[in-house]
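The structure appears below as structure tokens.
Values in this text are rule-based calculations from the coordinates and carry no lab data. Everything quoted here is computed from the prediction, not taken from an experiment. Positions of Cβ are generated from backbone atoms using ideal geometry, with glycine treated the same way; all protein chains shown enter the neighbour counts.
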Amino acid sequence: MKIALVSIVSEIHDQKEINETLEAKYQILEDNFELEEIAADEVPYTDFTEFDLTINFIKSGGSESIFAENVEYLPQPVYLLATELHNSLPAALEILSFLNAEGLDGKILHGEMEELVDEIEELVEYKKVRDSIAEARLGIIGQPSDWLIGSQIDYQHAAHHWGTEFVDIELEEVYQALEKIDAGKAKRIAADFLENAAEIVESNEGDLVEASKIYLALKEVITNNDLDALTIRCFDIVMELNTTGCLALALLNNEGLVAGCEGDVPAAFTMFLAHQLTGQMPFMANPAAIDKNKDEILFAHCTVATDISKEYIIRSHFETGIGVGIQGIMEEGPVTVFKIGGAGLEQYFVAEGEIIENLDSANACRTQLKVSLPQSSDYFLNDAIGNHHLIIPGRHADQINEFLGKE
């Protein structure tokens, strides 16, 4: 890991003497990372993109104004390494207050250097995730569904905050791609999906073939538009083509290419971030019922990555009875419920709970999970960030809070 160590020290201090007192700390850093020290006056001329992480070493008190003169050239978030020597920590605290007042994100790294090595390694991984988000292209195929009145975002605001490019794509591109589909390939995909299913209920093999064609068409659209993630206005496909996108989205998610429903941009973005950060593919779902006395929530939707299900049943689409829906049966156990929203994708909710039961109600979307989510009912009933939320297998709240606390 290549670390840029920006040296911030007051001019009234003897820098050689200070460096000698910091020699043991330098040694620990050099034993674990490839270090390149950068003097404060070199900051405006340094290409920090060459480094895995930039750390500002606040070596002494009285260095606050030197930092302030250079802050516009430094990568964000700002990491401040502070020691117990030379009034380093007081200076770092003043700098952090300055960053907060300027609306900039910062964090002080302070403590035993051996322990800080682990934290720095974690920050490097977080930066990789942040960079992948900043470089991503998220396709919105057919625009968000009309009913997502509380889940609209300002693309420019969100792109400024995250760097992600939001790409509007007409559904016509899907329809055109469908005209070129290899029917034999669609039949093979359908046969494989059927072979691995626990059961098929309302659907038939013809439905599976038509749904597989949507998958192949979306693959073509993804390639043509260089997409890293997508969300699709899938109900238009149901009405226009008498088939569904549920199978296609499940297969794409199995492949690690985030694909969300109903043109819901915040939900798809949350899926992408969660997958990049945790390595787990989330399940995008509606909170369909809430027992506020028990803090139990029924989450349901008609598609799920079958790779995160212990088994799956091929069903029809719940609302229309058309095509293919998926009833995924998931392992009972810990999950994290997560959602990012707001006009600039700057708000978020995260909580940990447990899948306590897979349900099979005739009155909800096909994959149905009852989740115990302590102290979360008030959020859903008073402050929810839209409808769709993401269920991630495992416990990830600390990691998400740590990551988003740096954004």
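Can you give the percent of C-alpha pairs in the range 1-54 whose distance is more than 19 Å? That fraction is 32 percent. For the range 290-407, a/c is not less than 1.5, where a ≥ b ≥ c are the root eigenvalues of the C-alpha gyration tensor, and a/b tops b/c. That puts it in the prolate class.
For the chain, return all DSSP H helices satisfying: extent of Cα atoms along own axis at least 27 Å; mean Kyte-Doolittle hydropathy at least -1.0.
Working: long enough: 113-134 (31 Å, -0.43); 205-225 (30 Å, 0.02).
Helices meeting the span and hydropathy rule in the chain are 113-134, 205-225.
Could you size up the charge dipole of the range 2-134 around its Cα centre, putting +1 on the beta carbon of Lys and Arg and -1 on that of Asp and Glu, and report it in debye to the nearest 20? Before the final figure, lay out the partial values.
Numbers: 8 positive and 31 negative charges, 74 e Å.
It works out to roughly 360 debye.
For CYS246, CYS234, what ranking results if the residue with the fewest other Cβ atoms within 10 Å of its Cβ goes first? The partial results should precede the final answer.
Working: CYS246 30, CYS234 25.
Starting with the residue having the fewest Cβ neighbours, the order is CYS234, CYS246.
Scalar couplings 3J(HN,Hα) for the range 369-384, obtained by applying the Karplus form with A = 6.51, B = -1.76, C = 1.60 to θ = phi - 60°, are 10, 8, 10, 7, 9, x, 6, 10, 4, 4, 4, 5, 8, 10, 9, 4 Hz; x denotes Gly and Pro.
Pull out the extension gain between ASN382 and GLU240, defined as 0.36 nm times the separation in residues minus the alpha carbon to alpha carbon distance; nm, one decimal. Don't jump to the answer; show the numbers that get you there.
Values: separation 142, 0.36 × 142 = 51.12 nm, distance 3.63 nm.
Net length gain for the segment: 47.5 nm.
Cβ neighbours within 10 Å, averaged per peptide: list 387-394, 76-83 in order, most packed at the top.
Top of the packing list down: 387-394, 76-83.
The phi torsions of the range 330-344, fed into the Karplus equation with coefficients 6.51, -1.76 and 1.60 and a -60° offset, translate into couplings of 9, 4, 5, x, x, 9, 10, 9, 9, 7, 10, x, x, 4, x Hz, rounded to whole numbers, with Gly and Pro shown as x.
Using 0.36 nm per residue, how much length does the chain from ALA101 to SER372 gain when fully extended, once their Cα-Cα distance is taken away? Display every interim value, and only then the final one.
Values: separation 271, 0.36 × 271 = 97.56 nm, distance 3.89 nm.
Between ALA101 and SER372, full extension yields an extra 93.7 nm.
Taking the alpha-carbon distance from LYS127 and a cut-off under 27 Å, which lysines remain once sequence neighbours fewer than 8 residues away in the same chain are dropped? Within the straight-line cut-off, LYS127 pairs with LYS2, LYS25, LYS59, LYS107, LYS339, LYS406. The P(r) of the range 2-134 has a tail past 25 Å containing 18 percent of all C-alpha pairs.
In the chain, the calculated helix contribution to ellipticity at 222 nm averages -11000 deg cm²/dmol per residue, counting -39,500 (n - 2.57) for every DSSP H run with n ≥ 4. With each label modelled as a point 7 angstrom along the Cα→C-beta vector, the ASN363-ASN293 pair spans 1.7 nm.
Determine the percent antiparallel among the DSSP beta bridges restricted to the chain, to the nearest 5.
Values: 36 of 70 bridges.
Within the chain, antiparallel bridges account for around 50 percent of the total.
When +1 charges are put on Lys and Arg Cβ atoms and -1 charges on Asp and Glu Cβ atoms, the dipole computed for the chain relative to its Cα centre reaches about 1540 debye. Database remark: amide H of ALA229 closer than 5 angstrom to the amide H of ARG137, GLY139 (H placed geometrically; neighbours at sequence offset of 5 or more, or on other chains; Pro and chain starts carry no H).
Using the 10 angstrom Cβ neighbour count as an exposure proxy, how do TYR175, TYR45 rank, fewest first?
On the way: TYR175 13, TYR45 8.
Ascending Cβ contact count within 10 Å gives the list TYR45, TYR175.
Taking all Cα-Cα distances within the chain, those exceeding 42 Å account for 25%.
Once the C-beta distance of ASP14 and GLU122 is scaled by a Förster radius of 35 Å, the resulting FRET efficiency is 0.55 to the nearest 0.05. The slack in the chain from ASP41 to GLU69, taken as 0.36 nm per residue of separation less the alpha-carbon distance, amounts to 9.1 nm. Paramagnetic label reach from ALA134 (point 7 Å along Cα→Cβ; backbone nitrogen cut-off under 18 Å): within the range 259-303, residues 273-274, 276-277. Taking the charge dipole of the chain about its Cα centre, with +1 at Lys and Arg Cβ atoms and -1 at Asp and Glu Cβ atoms, the residue from TYR215, GLY321, PHE166 reaching farthest to the positive side is GLY321.
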